[in-house]
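Structure, as structure tokens:
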Amino acid sequence: MTNTLRPAPLDGTDLQPFARIVTAPTAGQSLADVPIDDLLATVLATKVTVLRGYGLLDKAELEQYCRAAGELLRWDFGTILDLVVRDDPQNYLFDKGDVPFHWDGAFAAQVPRFFLFQCLRGSSPGAGGETVFSDTTQVYREAPEDLRKLWAQTTITYRTDKLAHYGGLAKWPLLGTHPVTGATTIRYAEPLDPAKYLNPLFLTLEGIAPEDGVRVMEDLRERLHDPRYCYAHPWETGDIVVVENHALLHGRNGFSGSAERHVQRIQIV
Ligand SMILES: [Fe+2]
């Protein structure tokens, strides 16, 4: 289990404003050759770690690899979600539009610490579909004090129909504490307008005045998307991307070109 923050064991190239790319030192290595404790310690320190040049694992191997680090989140489809654009999507995760910011596990019994993607087929350049990560610990650190006070009083109830593997009602304080680093995190899922999204997400704010609630939501839309806090990952075939779920929010840009991308996701509690 990776429970303490230590210097990132895996060397690589740091990106701005965060994330690290680690390239396989020799040909013929696969993800299974990377010690998972080293990988997750690197993810804790860099928030997003991209492995390039490592062979991907099949589903059984990927489960076995990740299970060494902790329990896996299990859904009605199992532990590995195939993210592909479908002809007849019931959920926005599977259509060509954007996926607004959220964190994984808001509607689950447990919030995963990490999730791992492996990309079986990337997007062609300019086709869109980048996964975007926002570092909420940095957003919080750089926010003005009066806003932080307002955030600290805010609790949000999220409501969505269960059209895919998640849904129902979930209630979360807007601010959280990172279980390992102790940093203050922002736990926020952006509302999904029924006019635009297949599965609307409705938010009810409590603890602050309604006019402050409107201001908080408008401000978060600006602040969380500020490029100073965001890393957008363009998918290449063979990429393995491992993500720190507590510190970050994530979403996806819409596809402007062909949507042939195929990514698999697994979540580690
Ligand atoms: Fe997600």
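On inspection, Cys119 does not qualify as more than 16 Å from the ligand (Cβ to nearest atom) and either among the aliphatic types (A, V, I, L, M) or modelled with pLDDT of 95 or more (or both). When segment 103-116 is limited to residues that are open to solvent by 30 Å² or more (accessible area, probe 1.4 Å) and within 12 Å of the ligand (Cβ to nearest atom), the one that is modelled with the highest pLDDT turns out to be Val111. Being more than 21 Å from Ala108 (Cα to Cα), of a type in the set (Val, Ile, Thr) and assigned to a helix (DSSP H, G or I) is a description that applies to Val214. Looking at this structure, is Leu10 in contact (Cβ under 8 Å) with a residue 60 or more places away in the chain and either over 17 Å from the mean Cα position of the chain (by Cα) or within 24 Å of His262 (Cβ to Cβ) (or both)? No, not satisfied. Within segment 221-268, track down each residue that is assigned to a loop (DSSP other than H, G, I, E, B) and out of contact with any Asp or Glu (no Cβ under 8 Å at 6 or more places or on another chain). The answer is Asp226, Glu236, Thr237, Gly238, Asp239, His246, Ser256, Gly257, Ser258, Ala259, Glu260, Arg261.
Hey, does segment 249-258 have a residue that's within 27 Å of Ile36 (Cα to Cα), in contact with a helix residue (DSSP H, G or I) (Cβ under 7 Å, 6 or more places away or on another chain) and within 16 Å of the ligand (Cβ to nearest atom)?
At the first step, the residues of segment 249-258 found to be within 27 Å of Ile36 (Cα to Cα) are 249-252.
After this cut, where a residue has to be in contact with a helix residue (DSSP H, G or I) (Cβ under 7 Å, 6 or more places away or on another chain) as well, the list is 249.
Checking which are within 16 Å of the ligand (Cβ to nearest atom) leaves us with 249.
Scanning segment 249-258, I find at least one residue that is within 27 Å of Ile36 (Cα to Cα), in contact with a helix residue (DSSP H, G or I) (Cβ under 7 Å, 6 or more places away or on another chain) and within 16 Å of the ligand (Cβ to nearest atom), so the answer is yes.
What about Leu31, is it at pLDDT below 95 and either of a type in the set (Ser, Thr, Tyr) or under 22 Å from Thr237 (Cα atoms) (or both)? Full working, then the answer.
Details: at pLDDT below 95: no; either of a type in the set (Ser, Thr, Tyr) or under 22 Å from Thr237 (Cα atoms) (or both): yes.
So Leu31 fails the test.
Only one of the listed residues (Gly78, Gly126, Gly55) is among the small types (Gly, Ala, Ser) and open to solvent by less than 20 Å² (accessible area, probe 1.4 Å). That residue is Gly78.
Among the candidates Val132, Val48, which residue alone is open to solvent by less than 10 Å² (accessible area, probe 1.4 Å) and either closer than 30 Å to Gly182 by Cβ or touching a Gly at 6+ places or on another chain (Cβ under 6 Å) (or both)? Exactly one of Val132, Val48 is open to solvent by less than 10 Å² (accessible area, probe 1.4 Å) and either closer than 30 Å to Gly182 by Cβ or touching a Gly at 6+ places or on another chain (Cβ under 6 Å) (or both), namely Val48. Of all the numbered requirements in (1) surrounded by fewer than 18 Cβ atoms within 10 Å (Cβ to Cβ); (2) without any contact (Cβ under 8 Å) to a residue 40 or more places away in the chain, Leu220 misses one, and that requirement is (1).
Of everything listed in (1) more than 24 Å from Glu63 (Cβ to Cβ); (2) within 14 Å of the ligand (Cβ to nearest atom), the single unmet condition for Pro200 is (2).
The values are calculated or read from the model by the stated rules, or taken from the named source; none is laboratory data. Given the structure is predicted, the values throughout are model-derived calculations rather than measurements. With ideal geometry, Cβ positions are generated from the backbone for all residues, glycine too; neighbour counts draw on all protein chains shown. Keep in mind that these areas ignore ligands, DNA and RNA; they rest on the heavy atoms of the full protein, side chains included. Shrake-Rupley method; radii C 1.70, N 1.55, O 1.52, S 1.80 Å.
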